[in-house]
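The values are calculated or read from the model by the stated rules, or taken from the named source; none is laboratory data. Being a predicted model, the structure only gives us computed values, none of them experimental. Because the Cβ atoms are built from the backbone with ideal geometry, glycine has one as well, and the counts that use them run over all protein chains shown. All accessible areas refer to the heavy atoms of the entire protein, side chains included, with ligands and DNA or RNA removed. Shrake-Rupley method; radii C 1.70, N 1.55, O 1.52, S 1.80 Å.
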Amino acid sequence: MRHHGCVDAQHVALLRELLAPTPWLERTEDFAKALRRTRSPGGLMLVGTPEDEPWHLAAHLDDEARYSGLPQIAPSLVRWQPPPDAPPHLRIGLERLADARRGETLFVVNGEEDAPVPLLERVDDARRTGATILSLDQGDRELTSLAHESISLRPEREPLTFEGLQHLVSTAAGQPGADRKPGLRERLSRFLDVVSGPRILD
C-alpha cells in the first residue's frame, strides 16, 4: 500500500473549500472531538467489515497522531482474520473487542448499506463493557443505534464520497485544540508527511 500525501492533502483542502457553505465541516469536527476523547494511547480500536478493513483510514489516523502530538488517536486496527505471521500491530484480532473497557473507543467503519450481524454483536458487547462506540457509515440504522456518536453519509445525496468523508474525519482528528498552537517540530513534521505521504503499514 502506498499513499500519496501531497495528493491527499490537496484533496482534503479542496474538499474543505467546497464544503465550507455546508454543515459537513462542523459535523466532521464534532465527530473528531469524540475521537480525541479517547483517554490513552492504544485505547482507540478501529474495525471494519470482514470484506473491507479500513487500512487507509488507519494509516492517516496514525500519521495524524504522530505529528499532532495526540497519541490517543493512533488506532489499533482490529482485523477479522489476521495472519499469524503478521507483525504485532497487524495481528490484532476480534478478541481485542472483548477486552474493551470504559475510557476506550471503538470506531466502526462500514461502507455497506448494512453491517454484518457478527460485527453488530461485537459492537454491542463492547458497548456493554463500557467502551464508547463511534460509527462512520452510509446510513446503517442498526449500527447508528448502537453508537454514542455517528456520522452517516449517503453519497447519492451529498457532495462528497465515503472515502472523502474519511479524509475529512482523520484530518479533523489531528487538528490541535483552540487553546494550543502547533510548535515548530509539529509544523515541520506535518510538512514532511505532506511531502512524503502517510507512513505505510508494514
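Annotations
- Selection status of residue 127, charged (D, E, K, R) and modelled with pLDDT of 95 or more: yes
Here is a yes/no grid of residues against (1) closer than 17 Å to residue 175 by Cα; (2) of a type in the set (Asp, Glu); (3) modelled with pLDDT under 95:
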site	(1), (2), (3)
13	yes, no, yes
22	no, no, yes
38	yes, no, yes
59	yes, no, yes
76	no, no, no
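- Failed item in (1) touching a Ser or Thr at 6+ places or on another chain (Cβ under 7 Å); (2) open to solvent by less than 50 Å² (accessible area, probe 1.4 Å), with residue 170 passing the rest: (1)
- Residue tally, condition of a type in the set (Gly, Ala, Ser) and either out of contact with any Gly (no Cβ under 8 Å at 6 or more places or on another chain) or part of a strand (DSSP E or B) (or both), over the range 49-73: 3
- Number of positions in the range 20-34 that are open to solvent by 30 Å² or more (accessible area, probe 1.4 Å) and among the polar types (S, T, N, Q): 1
- Of all the numbered requirements in (1) in a loop (DSSP other than H, G, I, E, B); (2) open to solvent by 80 Å² or more (accessible area, probe 1.4 Å); (3) not charged (D, E, K, R), residue 14 misses one, and that requirement is (1).
- Residue 97 vs. criteria touching a Lys or Arg at 6+ places or on another chain (Cβ under 8 Å), in a helix (DSSP H, G or I) and under 26 Å from residue 141 (Cα atoms): yes
- Of residues in the range 116-149 being more than 22 Å from residue 79 (Cβ to Cβ) and not in a helix (DSSP H, G or I), the one most open to solvent (accessible area, probe 1.4 Å): 148
- Verdict on residue 38 being outside any loop (DSSP other than H, G, I, E, B), of a type in the set (Ser, Thr, Tyr), open to solvent by less than 80 Å² (accessible area, probe 1.4 Å) and within 26 Å of residue 122 (Cβ to Cβ): no
- Long-range neighbours under 7 Å by Cβ, at least six apart or interchain, first residue over 18 Å from residue 109 (Cα atoms) within the range 75-89, second modelled with pLDDT under 95 and part of a loop (DSSP other than H, G, I, E, B): 87/202
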